[in-house]
Amino acid sequence: MSKWMIYAKKADFRAISQEFHISPVTARVIRNRDVEGREEIRRYLQGTLADLDEPEKLPGLKDAAFVLKRKIVGGVKIRVIGDYDVDGICSTYILWRMISFLGGDVSTAIPERIRDGYGINDRLVEEAIEDGVDTIITCDNGIAAAGPLQKAKDAGLTVIVTDHHEIPFEEENGEKHYLFPPADVIAEPWIPDQNTGEPKARFPKICGAEVTFKLAVILLGKPDLTLPKSVQEPENVKVARELLGFAALATVCDVMPLLDENRILVREGLRELSHTDNIGIRCLMTAAGLGTEPLTVYHAGFILGPCLNASGRLDSAERALSLFKERNESRAMILARDLKQLNDSRKSMTEQGLEEAIRKIEEETAAGRSMEERRVLLVRLDDCHESLAGIIAGRLKERYHRPSFVLTKAEEEGVLKGSGRSVEAYDMYEEMNRCRDLFLKFGGHKMAAGLSIPEENLELLDRQLNDGCTLSEEDFSEVLHIDMELPPACVDLALAKELALLEPCGTENPRPLFAVRSLLLRKTAVFGKNRNVIRMDGTDAEGRHYDFVWFTTEDRLPGALRDGTARCHVAYEPKINAWKGRESLQFVIKDVKCCG
């Protein structure tokens, strides 16, 4: 049963609505996103790329640009080493495209998930040395790779680290001591200020591709992307526009908060991606069944992203990177269709792994280990493809509302590899740091992590994570944050359209959610391929009727609603339903509480 929490944040909503020509409802929703003050509200509603921070303000980026430019001009061999997820692939492409355009001698390498694990490793460093590489630049990884980077430095290579993950640390007497890797330059938004201990970057919650995009902007001469797009614009502007789209795609797929800079970058970047000159991503959109409509956060995160991730999960992320690099449309379409097929296979394998994980959890419960004893779930799936561990962990987290780890057998004898996904109240990376001696390797952030561990340490890890867990029962309840009570009678088509100003919506910037008390609900129709769309009629106290739709199945309806009418409190989103050129108002149910 989810817990409803209605925001009660204060502000002069009438004054905000008058100044920015929006309704008090929209003003209230914006305040609920912790957007305060005239300038912040302006940036939220009207911000453009001109409102992004100067790229040089990101710690280390100016020095990285200086060193990299010198290497490009010097004609030395540069190798970009990324990672196998969407952020890593996009980051790698951004650097490769920018350095190639500037005439640099650049190659790329991405670790193989099963053979190498996450990020740069000894094998990739050794290959770079054998190939006569002068400079390694990492992206979306490197901040926790002290060993491999020391090998590179010992061989005389120049090392530039660009990353966005939190910096490893050791804690002593409550004080953090950060463990920076050996590198000539580190560009990383989480580098702390020595005096305050807070990140130097004003807004550090950015993905790896945004770090590399900012680096590319500097080296491309900081082109003005706020000007109208033109076929006559200089080539450096065209390249920057292309790369903006990849930074937006990575920001969505890496589940970054869609606030502040990310919100502007995603909004503008998805517009560019909708009309991109990149043949590969255009072919992927076609293969995935996307038409000519503008790309949305949903398209990026749930259609394109999984296809790209499937390459790194079930084969090699080099396939996705090759798609981005491809300039021949026929070859690009073959690559795109292959990625789509890989993702279809991934979906089937994920469902099988999830069913097995749930069975194991239920068996352990039946054997006497209660869920109260398992505030952190650890599930071992020996037959599961290790690349699917993170997806299954995420599904377990959603089902059981608690931090979840899924571990599988690694190729190396006696080693388990896995991924974790967390709930908001649990800092997964911080908790893993407390038992860091148990791991062979680990990394991540508050909401997600990856790890490898000796098989014999699994039981001890389970015990330490659970014994040290301070989550309360309240933390395990799914919380539904509701913006305000608002009867459907107060919502019209104009307000629904105005609420679109809040887009792009996603992580930490959810779509507006309202609640209405004591609505009489009646099921009127069930349809959809899997009978998972339920149409309902809602009647208020004055006898007015409203069209509601609920994306669920009949067996998940409250008992009173399955066969009859029930009076309910309803949490809903207003939506615009467009069909054959006509627009109508529709209310989408997110949750109900029957009230008699």
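General observations
- Where Rh is the Kirkwood radius over Cα pairs, Rg/Rh for region 331-423: 1.07
- Extending 7 Å from the Cα toward the beta-carbon at both Glu355 and Glu171 defines two label points whose distance is 4.1 nm.
- If R0 is 35 Å, the Cβ-Cβ spacing of Glu498 and Ser322 corresponds to a FRET efficiency of close to 0.20.
- DSSP beta bridge pairing in the chain, given as percent antiparallel to the nearest 5: 65 percent
- Taking all protein chains into account, the per residue accessible area for region 151-281 stands at 40 Å² (1.4 Å probe).
- Rounded FRET efficiency, nearest 0.05, which uses the C-beta distance separating Gln150 from Leu290 and R0 of 45 Å: 0.50
- Helical content of the chain, expressed as a calculated mean residue ellipticity at 222 nm, amounts to -11500 deg cm²/dmol (DSSP H runs of 4 or more residues, -39,500 (n - 2.57) each, divided by residue number, nearest 500).
- Rg and Dmax of region 505-552, Cα atoms only, in Å: 13.5, 37
- Degrees between helix 86-101 axis and first principal axis of the chain (Cα, 0 to 90, nearest 10): 50 degrees
- Straightening the chain between Arg42 and Glu126 buys 25.2 nm, computed as 0.36 nm per residue apart minus the Cα-Cα spacing.
- Coordinate range of the alpha-carbon atoms in region 81-137 per principal axis, descending: 34, 28, 11 Å.
- For region 239-316, the relative contact order works out to 32 percent when only alpha carbon pairs closer than 8 Å and six or more residues apart are counted.
- The Cβ shell under 12 Å around Ser311 holds other residues with a net charge of 0, Lys and Arg each +1, Asp and Glu each -1.
- Using 0.36 nm per residue and subtracting the Cα-Cα separation, the extra length available between Leu440 and Gln18 on full extension is 146.2 nm.
- Taking every C-alpha pair closer than 8 Å and separated by at least 6 residues, the mean separation divided by the residue count of the chain gives a relative contact order of 11 percent.
- Check: the chain dipole with +1 on Lys, Arg Cβ and -1 on Asp, Glu Cβ, in debye: 2180 debye
- Whole-Hz Karplus values for region 254-259 come out as 8, 6, 7, x, 8, 10 Hz, taken residue by residue from phi with 6.51 cos²θ - 1.76 cosθ + 1.60 and θ = phi - 60°; glycine and proline positions read x.
- Model label sites at Lys10 and Glu198, defined 7 Å from Cα along the beta-carbon direction, differ in position by 2.3 nm.
- Over every Cα atom in the chain, the radius of gyration and the widest Cα-Cα span, Dmax, amount to 25.0, 79 Å.
- Region 143-297: radius of gyration and largest Cα-Cα distance (Dmax), Å: 18.6, 61
- Pairs of Lys residues in region 23-160, spaced 8 or more positions apart or belonging to different chains, with C-alpha separations under 17 angstrom: 4 in total.
- For region 359-484, the convex hull spanned by the alpha carbon atoms encloses 116 Å³ per residue.
- Separation in nanometres of the label points that stand 7 Å from Cα toward Cβ, at Glu398 and Gln341: 2.7 nm
- Accessible area per residue for region 493-596, computed on protein heavy atoms with a 1.4 Å probe, is 54 Å².
- Ranking Glu272, Glu261 by solvent-accessible area of protein heavy atoms (1.4 Å probe, all protein chains present), from largest to smallest, gives Glu272, Glu261.
- Selection among Gly581, Asn466, His385 by position relative to the dipole of the chain gives Gly581 as farthest towards the positive end (Cβ unit charges, Cα centre).
- Note, ³J(HN,Hα) from phi for region 454-465, Karplus 6.51, -1.76, 1.60, rounded to Hz, x at Gly and Pro: x, 3, 6, 8, 4, 4, 5, 4, 4, 5, 5, 5
- Over region 332-408, relative contact order from alpha-carbon pairs under 8 Å, at least 6 apart, %: 32 percent
- Pairwise FRET efficiency - Asp540 versus Thr470, Cβ, R0 = 51 Å, nearest 0.05: 0.75
- Whole-Hz ³J(HN,Hα) from phi, Karplus 6.51 cos²θ - 1.76 cosθ + 1.60, for region 571-581, glycine and proline x: 9, 9, 10, x, 10, 9, 9, 9, 8, 6, x
- Cα Rg over Rh - region 1-82, Kirkwood: 1.29
- Its Cα gyration tensor gives region 530-575 an equivalent ellipsoid. The semi-axes, each the square root of 5 times an eigenvalue, are 19, 14, 9 Å from largest down.
- Accessible surface, per residue, of region 288-441 when the full set of protein chains is kept, probe 1.4 Å, Å²: 47 Å²
- Note on the chain: with neighbouring protein chains present and a 1.4 Å probe, carbon and sulfur make up 48 percent of its accessible heavy-atom surface.
- Fraction of the pair-distance distribution of region 219-373 above 29 Å, Cα-Cα pairs, percent: 31 percent
- For region 295-367, alpha-carbon Rg relative to the globular expectation (2.2 N^0.38 Å, N residues): 1.46
- Range of Cα positions in region 1-158 per principal axis (Å), largest first: 66, 45, 22
The values are calculated or read from the model by the stated rules, or taken from the named source; none is laboratory data. None of the values given here were measured: they were computed from a predicted structure. Virtual Cβ from ideal backbone geometry, glycine too; neighbours counted across all protein chains shown. When the accessible area is computed, the model is the full protein with side chains, heavy atoms only, and any ligands, DNA or RNA have been set aside. Shrake-Rupley method; radii C 1.70, N 1.55, O 1.52, S 1.80 Å.
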